[in-house]
Amino acid sequence: MNLFEQVKEALYEVIDPELGINIVDLGLIYNIEVTEESDVVVNMTLTTPGCPLHDSIVGGVESAIYFIDGVNKVDVKLVWQPAWTPDHMSDKAKKMLMY
């Protein structure tokens, strides 16, 4: 499995503490980039700009990626465009929330 795939798989382990669903199925991950130097850049959002668990979720993303052998640096960028909506959630997440 290449580094990109390992990063994406690791992000499934990061759970939004309020909703109990991983951040990938919630649709919070917008882009993952892995450079030739094995640096990882993740563009992600949160369900709301004022999310009280901001530090916990971003810290979870960083920790999950740094745990992967071979990763050099991790840069998590919070973006607000496009704004998150429930439409970004996977069908699995929608079922879990009975949406």
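What follows is calculated from the coordinates using simple rules that are stated; it is not laboratory data. Since the model is a prediction, treat every value here as computed from it, not as a measurement. Every residue, glycine among them, receives a Cβ derived from its backbone with ideal geometry; neighbour counts consider all protein chains shown.
Using modelled amide H (1.01 Å from N, peptide plane; none on Pro or chain starts), what sits under 5 Å from the amide H of ASP16, excluding residues fewer than 5 places away?
Result for ASP16 returns ILE21, ASN22, ILE23.
Working from Cα positions, state the angle (0 to 90°, nearest 10) between the long axis of helix 54-66 and the longest principal axis of the chain.
Value to nearest ten degrees: 40.
Which one of ASN72, TYR12, PRO52 has its Cα pushed farthest toward the positive end of the charge dipole of the chain, where Lys and Arg give +1 and Asp and Glu give -1 at the Cβ?
The one lying farthest along the dipole's positive direction is PRO52.
Classify the chain as rounded, prolate or oblate, taking a ≥ b ≥ c as the square roots of the eigenvalues of its Cα gyration tensor: rounded when a/c is under 1.5, otherwise prolate if a/b is larger than b/c and oblate if not.
Prolate shape, in that a/c is at least 1.5 and a/b is the bigger ratio.
Return the calculated 222 nm mean residue ellipticity for the chain, to the nearest 500 deg cm²/dmol, obtained by summing -39500 (n - 2.57) across DSSP H runs with n ≥ 4 and dividing by the residue count.
-8000 deg cm²/dmol
With +1 on the Cβ of every Lys and Arg and -1 on the Cβ of every Asp and Glu, and nothing else charged, how large is the dipole of segment 3-91 about its Cα centre, in debye rounded to the nearest 20?
240 debye
Multiply the residue gap between HIS54 and LEU97 by 0.36 nm, knock off their C-alpha separation, and tell me the result in nm, one decimal place.
So the extension gain works out to 13.4 nm.
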